[in-house]
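So the structure is just underneath, and the comments pick up after that.
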Amino acid sequence: MAIRPEVLELLVCPVPECRARLELRDDRLVCTACGRRYRIEQSWPVLIPEEAELPEAAQNQS
Ligand SMILES: [Zn+2]
């Protein structure tokens, strides 16, 4: 994995009302608060709320 730990520490959830820490899990960055999953493209995290995968609980509501 090309994302360095010191870079990962600086990343937060891009959702304005969230802004929680992210953790690396299965090649995704997972928000520790809202559970959104951000994919990583070419070693760079795609921190766009509209592009995020929602947690399964949220997907079931739609
Ligand atoms: Zn979040």
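Number of residues in the range 31-52 that are more than 9 Å from the ligand (Cβ to nearest atom), closer than 17 Å to VAL7 by Cβ and in a loop (DSSP other than H, G, I, E, B) equals 4.
Within the set LEU8, LEU47, the sole residue that is surrounded by 13 or more Cβ atoms within 10 Å (Cβ to Cβ) and in contact with a Phe, Trp or Tyr (Cβ under 9 Å, 6 or more places away or on another chain) turns out to be LEU47.
Taken together, the values in this text are just the output of simple stated rules run on the coordinates, not laboratory data. Small disclaimer: the values here were computed from a predicted structure and weren't measured. Cβ: placed from backbone, ideal geometry, glycine included. Neighbour counts: every protein chain shown.
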